[in-house]
Amino acid sequence: MEKIITLEEAVSKISDGMTVMIGGFLGTGSPDLLVDKIIEKGIRNLAVVANDTSFPDQNIGKLVVGKNVSKVIVSHIGTNPETGRQMNAGELDVVLVPQGTLAEQVRAGGAGLGGVLTPTGLGTIVEEGKEKVVVDGKTFILEKPIRADIAIIRASKVDRKGNCVFDKAARNFNPLMAMAADTVIVEADEIVEVGSIDPDQVMTPHIFVNYIVKGAK
């Protein structure tokens, strides 16, 4: 199957009300063209799973400003004041998750695990309403796995089958999210022929990638 599609075709896979994972860390490694096209198409009521809500004028931050999202599951909102404003005004459902816990929940979703046991958050509001498990006398919070309808990620180099290489810190959440969604769309800075990438350098294997879009670079 030909995985390379147009930006228009890619965003047609996303519809109102979906849960969407978006790779990146304060914009680093985030799929800018795909996010801009979501805004252009007026897709709304999205539940976004991401590390953060970036900045008001960048990537995920623009989705918040444009009110394309109704819920975010993130570890950080401090760089986007609009996220905090909407949260306090009751306009946006914000679920704050410790960063390591969020990464592990996404990883668990991709690996088919039943959840993650972590001590992080014990004795705080993080534990409210959650099951706790005692192992060898130690108490842990059971954090359930997270999956999504769609994951949109960004890679620096992708071959035509979908094998991905991420550039340095842009690796962040991208490989985890590629394993934890029903459909995965990768925005590629560069698309190369199969065999051009050393197998030892592949960070996300092609089996996890459904579609490829050529990025702006």
- Mind ranking Ser15, Ser75 by accessible surface for me, highest first, 1.4 Å probe? Ser15, Ser75
- Message: Give me the dipole magnitude in Debye, nearest 20, for the stretch 81-217 about the Cα centre, with unit charges on the beta carbon: positive for Lys and Arg, negative for Asp and Glu.
- Response: 120
- For the cross-link pairs Lys132/Lys168; Lys37/Lys130; Lys62/Lys130; Lys62/Lys217, which exceed 30 Å when the distance is taken from alpha carbon to alpha carbon? Lys132/Lys168; Lys37/Lys130; Lys62/Lys130
- Query: Just the accessible area for Met179, please: 1.4 Å probe, Å², rounded to the nearest 10?
  - Reply: 70
- Task: Determine the distance separating the Cα centre of the stretch 72-114 from the Cα centre of the stretch 1-28; give it in Å without decimals.
- Result: 19
- Query: Once a ≥ b ≥ c are taken as the square roots of the eigenvalues of the Cα gyration tensor of the stretch 176-217, is the result rounded (a/c under 1.5), prolate (a/b larger than b/c) or oblate (a/b not larger than b/c)?
  - Reply: oblate
- Task: Round to the nearest 10 and give me the degree value, 0 to 90, for the angle of helix 99-111's Cα axis relative to the longest principal axis of the chain.
- Result: 60
- Query: Taking the highest mean first, how do the peptides 168-175, 52-59 order by number of other beta carbon atoms within 10 angstrom per residue?
  - Reply: 52-59, 168-175
- Query: Which one of Thr6, Asn172, Ala155 is farthest out on the positive end of the charge dipole of the chain, using unit charges on Cβ (Lys, Arg +1; Asp, Glu -1) and the Cα centre as origin?
  - Reply: Asn172
- Item | Read-out Cα Rg over 2.2 N^0.38 Å, derived from the coordinates shown; its label in (1) 1.02; (2) 1.13; (3) 1.23 | (1)
- When the chain is fully extended, how far beyond the present Cα-Cα distance does Asp16 get from Val194, taking 0.36 nm per residue of separation? 60.6 nm
- For the chain, the longest principal axis of the Cα atoms and the Cα long axis of helix 32-41 enclose an angle in degrees, to the nearest 10, of 80
- Share of Cα-Cα pairs in the stretch 1-119 lying beyond 19 Å, as whole percent: 47
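The values are calculated or read from the model by the stated rules, or taken from the named source; none is laboratory data. Since the structure is predicted, the reported quantities are computational estimates derived from the model, not experimental observations. Positions of Cβ are generated from backbone atoms using ideal geometry, with glycine treated the same way; all protein chains shown enter the neighbour counts. Accessible surface areas use protein heavy atoms only, side chains included; no ligands, DNA or RNA. Shrake-Rupley method; radii C 1.70, N 1.55, O 1.52, S 1.80 Å.
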